[in-house]
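Here's the structure, in structure tokens; my notes come after.
The values are calculated or read from the model by the stated rules, or taken from the named source; none is laboratory data. Every value quoted in this text rests on a predicted model; they were computed, and no experiment measured them. Quick reminder, even Gly has a Cβ in these numbers, built from the backbone with ideal geometry, and neighbours come from all protein chains shown. Areas reflect the complete protein model, heavy atoms only, side chains present, ligands, DNA and RNA absent. Shrake-Rupley method; radii C 1.70, N 1.55, O 1.52, S 1.80 Å.
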Amino acid sequence: MNTSYTAHVGENTQAPIPLWAGEEPAHTVYKNPDKVTISESLLDNLNYQVLAWVYKKCILVTMSDQNESKLNRLLAGLSDTGVVSSRWLRAQGYSSSLVVRYVDSGWLVSPARGVYMRKGGSLRWEGVVRTLQWMEGLSLHVGGRFALAWLGHEHYLRLGEAAVITLYGPDRVPGWVGKLPLVEGVEYCGKGPFDLPVLPLTDETSDQALLDQGLERREAAPSGMLVCSTPERAMLELCDEASDASGVYEVDALMQGMATLRPQRLEMLLSYCRSIKAKRLFLALAERHGHAWFSHLSLDGVDLGRGKRSLVSGGHLHPRYQITLPGDLDEQLG
């Protein structure tokens, strides 16, 4: 048997595999060292599958740890009365699918579309306002009528009406607030009568910066601290809202109990108040009740406008502040 051969360029020059004696090969078979056997291929494929499984498992474990950490962080930041909006959740890196998973797992509930809170939590106005000020970063404070009620003057307010949270500020109240099943209503009263710089109402703003605008923090357990008007600012906000005799009666009844207002703070607020009606009504009723602080009040630099202001038809014109007041104020006070 002739086993000689001629090597050509590009051919494998390894020695041919010998055949049994007497056999005449149809072609010559060569052993390629780079060729992978079936068993080797199966083993490599198995290794690849194991590595892929381990890699996937590591990713899933890592993602699970991350999601658990994010959930714990979310729950730790939510009080028993707090809520969060879907907008805030997205901004903090919580995807819609992840939030759905939290709801399905029983960690969160949705009291209204696009709003979430802890499972077992209690929906209260304090938690909603805290969310607006601190988490949503909106310049909205509790002012006017409800601020005075919260400060302990609710016995002067209108009887038989459901409580309404009166919010003031340059930022509008999100639509989801009105969809919440709160016991109280929520009324947005606009920017209010003051021309003051906009302040963020988060915890980073100092107490003094708030007081310089007639605002203060009050404890609203268990929701945390909330920003509301001081009595001086709340009274001027309410004076700006008065538009008829019943509104004047309400302000007058409240003014009767305002024996501890601070004249320096009032001077600052009056100088920044752009509502002529609010300033005149406040001063006329304050003078009427003769509180001690009124004699220490300086009106230098306070613009009271010109001309007469009529709040009620057929009323009495105040000689100094040129605003008409109901003639039966004393009867209304009883």
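Being surrounded by fewer than 22 Cβ atoms within 10 Å (Cβ to Cβ) and charged (D, E, K, R) is the filter; apply it to region 242-256 and report the residue that is farthest from Ala147 (Cα to Cα).
The selected residue is Asp244.
Taking region 275-332 as the region of interest, how many residues are under 40 Å from the mean Cα position of the chain (by Cα), assigned to a helix (DSSP H, G or I) and in contact (Cβ under 8 Å) with a residue 60 or more places away in the chain?
1
Under the condition of being assigned to a helix (DSSP H, G or I) and of a type in the set (Gly, Ala, Ser), which residue from region 229-248 is nearest to the chain's Cα centre (by Cα)? Spell out how you get there, then give the answer.
Quick first cut of region 229-248, residues assigned to a helix (DSSP H, G or I) only: 231-241, 245-248.
Narrowing further to those that are of a type in the set (Gly, Ala, Ser): 234, 245-247.
On the way: Ala234: 23, Ala245: 37, Ser246: 34, Gly247: 31 Å.
Ranking the candidates gives Ala234 first.
So in region 257-297, with the set limited to residues that are at pLDDT 95 or above, of a type in the set (Ser, Thr, Tyr) and more than 18 Å from Leu148 (Cβ to Cβ), which one is most open to solvent (accessible area, probe 1.4 Å)?
That would be Tyr272.
Among residues belonging to region 116-136 that are over 15 Å from Leu180 (Cα atoms) and either assigned to a helix (DSSP H, G or I) or open to solvent by 40 Å² or more (accessible area, probe 1.4 Å) (or both), point out the one that is modelled with the highest pLDDT.
Among those that are over 15 Å from Leu180 (Cα atoms) and either assigned to a helix (DSSP H, G or I) or open to solvent by 40 Å² or more (accessible area, probe 1.4 Å) (or both), it is Gln133.
Looking at region 68-80, can you tell me whether even one residue there is open to solvent by 90 Å² or more (accessible area, probe 1.4 Å), modelled with pLDDT under 75 and of a type outside the set (Phe, Trp, Tyr)?
Yes, there is a match, as at least one residue in region 68-80 is open to solvent by 90 Å² or more (accessible area, probe 1.4 Å), modelled with pLDDT under 75 and of a type outside the set (Phe, Trp, Tyr).
If you take the residues in region 205-221 that are free of Cβ contacts under 8 Å to residues at least 60 places away in the same chain and outside any loop (DSSP other than H, G, I, E, B), which one is surrounded by the fewest Cβ atoms within 10 Å (Cβ to Cβ)?
Gln208
Taking into account only those residues within region 175-190 that are touching a Ser or Thr at 6+ places or on another chain (Cβ under 7 Å) and under 22 Å from Glu237 (Cα atoms), which is least open to solvent (accessible area, probe 1.4 Å)?
Let us first name the residues in region 175-190 that are touching a Ser or Thr at 6+ places or on another chain (Cβ under 7 Å), namely 176, 187, 189.
If we keep only those that are under 22 Å from Glu237 (Cα atoms) too, we end up with 187, 189.
Details: Glu187: 77, Cys189: 27 Å².
The qualifying residue least open to solvent (accessible area, probe 1.4 Å) is Cys189.
Tell me yes or no: at least one residue of region 151-169 is within 26 Å of Gln92 (Cα to Cα) and in a loop (DSSP other than H, G, I, E, B).
Within region 151-169, one or more residues are within 26 Å of Gln92 (Cα to Cα) and in a loop (DSSP other than H, G, I, E, B).
Is there a residue being free of Cβ contacts under 8 Å to residues at least 60 places away in the same chain, under 30 Å from Leu236 (Cα atoms) and open to solvent by 10 Å² or more (accessible area, probe 1.4 Å) anywhere in region 101-110?
First, the residues of region 101-110 that are free of Cβ contacts under 8 Å to residues at least 60 places away in the same chain: 101-110.
Filter once more, keeping what is under 30 Å from Leu236 (Cα atoms): none.
There is no residue in region 101-110 that is free of Cβ contacts under 8 Å to residues at least 60 places away in the same chain, under 30 Å from Leu236 (Cα atoms) and open to solvent by 10 Å² or more (accessible area, probe 1.4 Å).
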